[in-house]
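Okay, so here's the structure we're looking at.
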Amino acid sequence: MRRLLLALLILSAPFALAGKVYQWKDANGNIVFSDTPPPDQKAQSKDIKTNVIQTSGGGFDLKEAMRKSPVILWANNCGESCDSARLLLSKRGVPYGLRNPQASPADLEALKKILSGDAVVPVLQVGATTLRGFEPESWQGALDNAGYPKSADPTAKNISGPTPVAAPAAPAAKTPAKP
């Protein structure tokens, strides 16, 4: 209960700073600002708003890691290993692009190219690092080395991972011309 009250107090602190400020000229002609109006003198009232910077979510470390080492998860419905891979990234709050070689022939070909002909999932790409198979320690190490935070940032809920590059369109089939 005490932690909840402390959290509410901390979160409401910026709003406590907002309020009215009064401005008037003193007997010497100086402009005076105060949070209380002057006694027996006319003062101008001004509303002061809080100075809070809103961000789109995610701290600097997360945004830099995403910029320098975007994460792509190659997975499908492969069972426990793919589910565990998704869970690890979610618990850590890592935004990632998902490529499914089972659902997309273009993704299958791209995965084979990355893995020199294999098509095994899950595969994790963290920047230039590619990790085949789900090994939590290796995945955590790659994410640590790339600078991703170790726990999820609650302000980063609406940040998405990299958008997969669209596969080039297949050439149109040639139909014989009718005479």
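Values quoted throughout were computed directly from the atomic coordinates according to the rules given, and no laboratory measurement underlies them. Remember, predicted model here, so these are calculated numbers, not experimental data.
Pairs exceeding a 28 Å alpha-carbon distance, out of LYS68/LYS112; LYS68/LYS91; LYS112/LYS150; LYS68/LYS113; LYS49/LYS150: LYS112/LYS150; LYS49/LYS150. With only Cα atoms counted, the stretch 82-138 has Rg and Dmax values of 11.4, 31 Å.
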